[in-house]
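Accompanying notes for the structure given below.
FYI, it's all coordinate maths here, none of it is from the lab. Because the structure is predicted, anything quoted here is derived from the model rather than measured. Positions of Cβ are generated from backbone atoms using ideal geometry, with glycine treated the same way; all protein chains shown enter the neighbour counts.
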Amino acid sequence: MQESSIQPKTVEMQQPEPKGKPRGKSPLQLALRRFFKNKMAIAGVIILAVVSFISIFAPLFISHDPLATDLYNTNAEPGGEHWLGTDDTGRDVFARLLYGGRISLIIGLVTMLGTVLIGAVLGALAGYYGRWIDALVMRLTDLVLALPFLLLILFVIAVLAETSLWILIITLVLVVWPQTARIVRAEFLSLREQEYVLSAQAIGCRDSRIIFRHMIPNAVAPIIVNATLLMGLMITVESSLSFLGFGVPEPTPTWGNMLNAARNVRILSSEPWRWIPPGFMIVITVLAINFIGDGLRDAFDTKSTRR
Amino acid sequence: MMMGLIRIRQNSQGGRKMKRKIFSLGLALVLGWTVAACNNQASPGGDGEDPGEPVDGGKVTMSMFSAPKGIFNPVFYEDQYDVYPLHYTFEDLWYYDKDLRLTIPGLAEKWEFSDDNQTLTIHLRKNAKWHDGEPITVDDLIFAWETIAHPDYTGSRLYMVEKIKGAEAMHEGEADELSGVEKVDDYTVKVTFEQAAANTLANLWATPIPKHVYEGMNPKEMVKADATKKKPIGSGPFQFKEIKPNEYVVLERNPDYYGENAHLDQIVWKVVSQDVAIGALENGEIDFLTQIAPEEFESLKKNENLTVKETQDFAYQYMGFNLTKEKLQDKKLRQAITYGINRKAMVDGLLKGHGTVLNQHMPQASWAYNEELKDAYPYDPEKAKKILKEAGYEDKDGDNFVEDPEGNPLTLTLSYPTGNPVREKSAPVIVQDLKKIGLNVKLDQPAEQGVFYEKVEKAEYELFLAGWSLTPDPDPSGIWMSTDQWNFPRWENEKSDELIKKAVLSKEAIEDQEKRKQIYAEWTELVSEEAPYVFLYSMNRIEAWNNRVKGVTFDWRGAIEDHNWVNEWWIPKDQQ
């Protein structure tokens, strides 16, 4: 990362120069160029875009209410009226699949943003100031990381005795932020010793300016990679929690809830339309996000030979 | 086992907590009347083919969905799987017949009441022996009663002796024996009760336990004794051969049984998880399966090697209103909600037709069932809306949900426990149904059973889903009297209390079954009008067994919960 981390200073110095003059590409542009050459990553972007689009604009594709039950048409096979059949209270599986995507994506996205926000700020403070702040933040991350991940979430949800989408998101953020914090801190520890940081300190820049203007942009690559992979992870965690019955409560459709409802030998063998679609959606969404994450990592890592 | 009649099924009730509750319900005295019970025909093992003459030998394998607690004593057991082997190893004094009357003699040869119905004389048969060869005498019966009445007894069966004179004094530690029990000779005993009641016999503990084995122990020691955990000495047609905790229980034929000996050599109970039980039944690893989900019915029916039967269960599910909440105190609102829930669709869609819509506390299989209420509260959303409108519930702010008569937004919360898949599915359906009549109902997170019932008892919820398992006796005290602990809706009604007492204690009710039925009819109509519950449905009990087992009887209790039939089971030589 050292090569690229010198660059922002150069960029800053180049800014006053007149436009139109031929110049070298910025590291971000270089990274983007490398990213767009990665076919898997592009496939990931397209898949994620499609999934997001049909989830957000679900009402355009399906007229059924995902919550509307129809007890006289339960466990229906896929057909004209219900494209993917109905579940055991007669709710349309296709509608639940599309609307369920919203929940999964919201959880993935919001948790990721929350985690990055908390993790990056605390990690940056710890890495920049060191000493007791560092010790405090790091012991806190040790504490959270020492607890079994899934168990901790189950514990929090059990204590609160109820869950909603937002409680679940907050819980996830509180459990996951140490990972990001550690990555950012490690990055800051090395950046702190760089000449441009020292010179900025020497000319009397405020700490906040040094952190946010100079250091964060240099640490952004690992943060982005980490955040992307985290988003995929969060979608699987939501599904696992719903599957265990601790996720977003019924009747809200989520992919995990749909899988949970199909947890039965008879349904697994005779009603595949109940569990294959949500399972497939989870797999392709998480896969797409991971492709993007991998692509970003390769693109930002200038030492990588995988081009 | 008399206690066996009080069935607790994991999927409908779950949890030990629930069981405690059910045990406090009374059983019925049911003499001299007939019952219109459904599906009571006995069925021979095969499908119409002549199975031939019974032969001895062979073993039958049964399944338990979870490991039994291992307390194999009829006085102390708490777990539903402990009781299964007990059915076949401990005899009762008397048994219910297929018409729900206590007429079939077991260890008691005959019994009669005094003219004032307050004293019961029981004559034991003289040829019955414990599995270790000791004779069974009234001392064993009195020992069982005194164990239950003992101050150190903490089990749930106190109500089955507390009507005996002196039971209260003994339970409080003021007396060492039951003053109402008089031993006439080794095989005759006279019991005097505090007061005459219509359900005395049904409510009296009727399973002797071996005094010579437990002598000198207090109830706390008895629970832990080897005779309870490792080598129980019983009185039934089968005796314990081997108990392997968490794995299996093996019973073998008792060769010295007083009646006709059983045909089978062995009955094995093994722990099979519910997920794989259907498969185990289909490939012959287990011979019997109970608690079958309605969705499985059709596919099992197609299997030629299996017999599948169903009967209406003595149990029902309901949605309760917490009447301590002010917003639920309006009777009209409760009636509207009852009209607004499509219960027929629940039976057709969730139970696949294997159940019945219920409008009263009495299930259809009971003799006390009130035919008049059969079609009370049909599904009628228009009528529900009309009732709401008349009572002042109108949607004035145009959000499609009604406000209460004062114009404040009305939101109700529906809570329900986990553990019963059909009930869990019914919750969002109810919310949708009520939305159609303009009621805004929020669904609570499903709670774990223990937590749920604790909160229900503390009256913390607004609307809640729950269920009851009932005994053949229709006496609803225990859950319907104003001061009852398990009167979950906190419904207080003097008229109701009066009727419940009258149906058990009044002379006319004791003497004439038809009179008792009339009192219950009046009571069920009162409940229906006041609507503290929405009675939802009564699910059928579905059981299946392998056709290689012949001579199986299936009636309102199912196939495996009465020992009298187990003697008749047999397996053809070539299939043993």
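Of the chymotrypsin sites (Phe, Trp or Tyr not before Pro) found in the range A:222-294, none is in coil by DSSP with at most 13 other Cβ atoms within 10 Å of its Cβ.
For chain B, the convex hull drawn through the C-alpha positions has a volume of 147 cubic angstrom per residue.
Taking the inverse of the mean 1/r over every pair of distinct Cα atoms in the protein assembly as shown gives a Kirkwood hydrodynamic radius of 31.7 Å. With kT/(6 pi eta Rh) evaluated at 37 °C and eta = 0.692 mPa s, and Rh the Kirkwood radius from Cα pairs, the range B:82-231 diffuses with a coefficient of 206 µm²/s according to Stokes-Einstein.
Straight distance only, please: which aspartates and glutamates reach the Cα of B:Lys309 with their own Cα at less than 13 Å, same-chain residues fewer than 8 apart left out? Correct list for B:Lys309: B:Asp47, B:Glu296, B:Glu298, B:Glu543, B:Asp555.
Helix B:138-149 and the longest principal axis of the C-alpha atoms of chain B enclose an angle of approximately 40°. Other protein chain C-beta atoms within 10 Å of residue C-beta, averaged over B:340-350: 3.
Exposure proxy shown here: for B:Asp152, B:Asp99, the number of other Cβ atoms within 10 Å sets the order, fewest to most, as B:Asp152, B:Asp99.
For the range B:315-539, the alpha-carbon radius of gyration amounts to 1.01 times the rule-of-thumb value 2.2 N^0.38 Å expected for a compact globular protein. Dividing the mean sequence gap of close Cα pairs (under 8 Å, 6+ apart) by how many residues the range B:82-231 holds gives a relative contact order of 24 percent.
Mean 1/r over all different Cα pairs, inverted: what Kirkwood radius does the range A:192-307 give, in Å? Averaging 1/r across every pair of different Cα atoms and inverting gives 17.6 Å.
Taken one residue at a time, the phi angles of the range A:85-99 give Karplus couplings (6.51, -1.76, 1.60, θ = phi - 60°) of x, 10, 8, 7, 10, x, 8, 6, 5, 5, 4, 5, 5, 5, 5 Hz. Gly and Pro are set to x.
Computed over the alpha-carbon pairs of the range A:75-132, the distance histogram in 10 Å steps reads 21, 24, 17, 15, 12, 9, 2 percent, short to long. Here the Kirkwood formula puts the hydrodynamic radius of the range A:121-189 at 12.8 Å, using every distinct Cα pair.
For the pairs B:Lys241/B:Lys573; B:Lys110/B:Lys550; B:Lys129/B:Lys550; B:Lys126/B:Lys501; B:Lys396/B:Lys455, note any where the Cα-Cα span goes beyond 26 Å. Table pairs above 26 Å Cα-Cα are B:Lys110/B:Lys550; B:Lys129/B:Lys550; B:Lys126/B:Lys501; B:Lys396/B:Lys455.
Structural size metrics of the range B:130-196, computed from C-alpha coordinates, are Rg and Dmax of 12.4, 38 Å.
Note on the protein assembly as shown: dipole from Cβ charges, positive end direction compared against B:Gly70, B:Trp523, B:Ile148; the farthest Cα belongs to B:Gly70.
Rounded to the nearest 20, the Cβ-based charge dipole of the protein assembly as shown about its Cα centre (Lys and Arg +1, Asp and Glu -1) stands at 5580 debye. Cα centroids of the range B:527-576 and the range A:125-181: 52 Å apart. Across peptide B:284-296, the average count of Cβ atoms from other chains found within 10 Å of a residue's Cβ is 1.
Restricting the calculation to Cα atoms, the range A:37-130 yields a radius of gyration followed by a Dmax of 19.7, 65 Å. The dipole here belongs to chain B: it is taken about the Cα centre, uses +1 on the Cβ of Lys and Arg and -1 on the Cβ of Asp and Glu, and is about 1040 debye. Relative to the compact-globule estimate of 2.2 N^0.38 Å, the Cα radius of gyration of chain A comes out at 1.19.
What does the structure give for A:67-75 when I average, per residue, the other chain Cβ atoms found within 10 Å of the residue Cβ?
6
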